[in-house]
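Chemist: Mind looking over this structure? Questions follow.
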Amino acid sequence: MDMEALRIESTHKTPRVILDPENGIFEFSGRSIPEDSVGFYTPIFDWLDQYAKQPLPMTHVRFDLEYFNTSSSKNILEVLKRLEAIYAAGHEVRVTWYYDEDDEDMEETGQDYQALLNLPIELSVKVQS
């Protein structure tokens, strides 16, 4: 598959996104409070739809978000639904949801996504450096 990696650098309102089709490593990190959430996430959806046609046998996804707004949470759910479809098609997908030890909201959000989706989502406390 000749897909280009998608890399979006973070800003104070948008997360860093790395979608690497060669290694099957995807990462979302930082804050997600874009003014136009759909506009920000649509290219990611389009990319994932392409990737889903020929995914690697194993895809690792890291969510390391410190904060996101309600519209972003809907779009993150859409990202996870696309990963769930890849998983349902028989490919291995591992999602790790990182949160700070004292961030109950982010932990609960990860648990909500676990409950909503048939997708292995591991909740992991961020190691303080």
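Chemist: Among the listed residues 94, 82, identify the single one that is in contact with an Asp or Glu (Cβ under 9 Å, 6 or more places away or on another chain), under 20 Å from residue 3 (Cα atoms) and at pLDDT 95 or above.
Modeler: Just a single option satisfies the conditions, and that option is 82.
Chemist: From the set of residues in segment 8-35 that are part of a strand (DSSP E or B) and among the hydrophobic types (A, V, I, L, M, F, W, C), which is nearest to residue 65 (Cα to Cα)?
Modeler: Applying the filter and picking the extreme gives 28.
Chemist: Please tell me if residue 38 is more than 24 Å from residue 126 (Cβ to Cβ), of a type in the set (A, V, I, L, M, F, W, C) and either in a helix (DSSP H, G or I) or without any contact (Cβ under 8 Å) to a residue 40 or more places away in the chain (or both).
Modeler: yes
Chemist: Report yes if some residue within segment 42-54 is touching a residue at least 12 places away in the same chain (Cβ under 8 Å), assigned to a strand (DSSP E or B) and surrounded by 17 or more Cβ atoms within 10 Å (Cβ to Cβ); otherwise report no.
Modeler: No, every residue in segment 42-54 fails to be touching a residue at least 12 places away in the same chain (Cβ under 8 Å), assigned to a strand (DSSP E or B) and surrounded by 17 or more Cβ atoms within 10 Å (Cβ to Cβ).
Chemist: Within segment 9-21, track down each residue that is closer than 20 Å to residue 55 by Cβ and either touching a strand residue (DSSP E or B) at 6+ places or on another chain (Cβ under 6 Å) or free of Cβ contacts under 8 Å to residues at least 24 places away in the same chain (or both).
Modeler: Answer for segment 9-21, where residues must be closer than 20 Å to residue 55 by Cβ and either touching a strand residue (DSSP E or B) at 6+ places or on another chain (Cβ under 6 Å) or free of Cβ contacts under 8 Å to residues at least 24 places away in the same chain (or both): 17, 18, 19, 20.
The values are calculated or read from the model by the stated rules, or taken from the named source; none is laboratory data. Since the structure is predicted, the reported quantities are computational estimates derived from the model, not experimental observations. FYI the Cβ positions are ideal-geometry reconstructions off the backbone, even for glycines, and counts take in every protein chain you see.
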